[in-house]
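**Q** Take a look at this one; I'll ask things after.
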Amino acid sequence: MMKGYWKKEAATQELKDEDGFMRTGDIVYFNENGDTFICDRIKELIKVNAKQVAPAELESVILEHDDVADVCVFGVDDKDSGERPVACVVSKQGKRDLETMKAIMRHINQKLARYKHIKEIEFVGEILRTGTGKILRRTMKKAFLDAKKSRL
């Protein structure tokens, strides 16, 4: 765990609660052995009908599909549910056809609760990442929304 930001005392103090704990925004769980796992970020949660959906959970299920090489999931505004999950998918062997999309959707629908179902899949050439391998989720979302707007 961390004590704070390097040489940024003001930023560190903003993250501390009344008990002195750092509120980093990470979603963490501990297993039965006491091991710590950081699994997602609170600000990246997708809010579907007041239920929270972790993009990492959906990504792990989508990656199980044989036709998926990489994936990024994020939420987009939805007038009915608040937000809806969308997936940008890099397909293996460049498959970008309707049948592949339907097969991925069926896979998701069989494994996840209805409110976690992906409502839209966009095939992309790559998932953008930082130098340390973290998904650039906001960048991917902006590219998705820009592409969608240009098709209108």
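The values are calculated or read from the model by the stated rules, or taken from the named source; none is laboratory data. Keep in mind it's a predicted model, so treat the numbers as computed, not measured. Here the Cβ is made from the backbone with ideal geometry for all residues, glycine too, and neighbour counts use every protein chain on show.
Results for (1) outside the structural domain of Val73 (by TED's automatic domain parsing); (2) under 23 Å from Leu45 (Cβ atoms); (3) of a type in the set (A, V, I, L, M, F, W, C), shown as yes or no for each residue.
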{"residue": "Asp97", "(1), (2), (3)": "no, no, no"}
{"residue": "Ala103", "(1), (2), (3)": "no, no, yes"}
{"residue": "Lys111", "(1), (2), (3)": "no, yes, no"}
{"residue": "Arg114", "(1), (2), (3)": "no, yes, no"}
{"residue": "Met140", "(1), (2), (3)": "no, yes, yes"}
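**Q** For region 103-129, name all the residues that are within 15 Å of Leu63 (Cα to Cα) and free of Cβ contacts under 8 Å to residues at least 24 places away in the same chain.
**A** Hits for region 103-129 are Met105, Arg106, Asn109, Gln110.
**Q** Pick from Val86, Val61, Val73: which is farther than 19 Å from Lys141 by Cβ, within 15 Å of the chain's Cα centre (by Cα) and not basic (Lys, Arg)?
**A** None of the others qualify; the one that does is Val61.
A quick yes/no check of all residues on (1) in a strand (DSSP E or B); (2) outside the structural domain of Ala56 (by TED's automatic domain parsing); (3) farther than 22 Å from Leu58 by Cβ; (4) modelled with pLDDT of 70 or more:
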{"site": "Met1", "(1), (2), (3), (4)": "no, yes, yes, no"}
{"site": "Gly4", "(1), (2), (3), (4)": "no, yes, yes, yes"}
{"site": "Asp19", "(1), (2), (3), (4)": "no, yes, yes, yes"}
{"site": "Ile27", "(1), (2), (3), (4)": "yes, yes, no, no"}
{"site": "Gly34", "(1), (2), (3), (4)": "no, yes, yes, yes"}
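**Q** State all residues of region 95-152 that are assigned to a helix (DSSP H, G or I) and surrounded by fewer than 11 Cβ atoms within 10 Å (Cβ to Cβ); if no residue qualifies, say none.
**A** Leu98, Glu99, Gln110, Arg114, Asp146, Lys149, Ser150, Arg151
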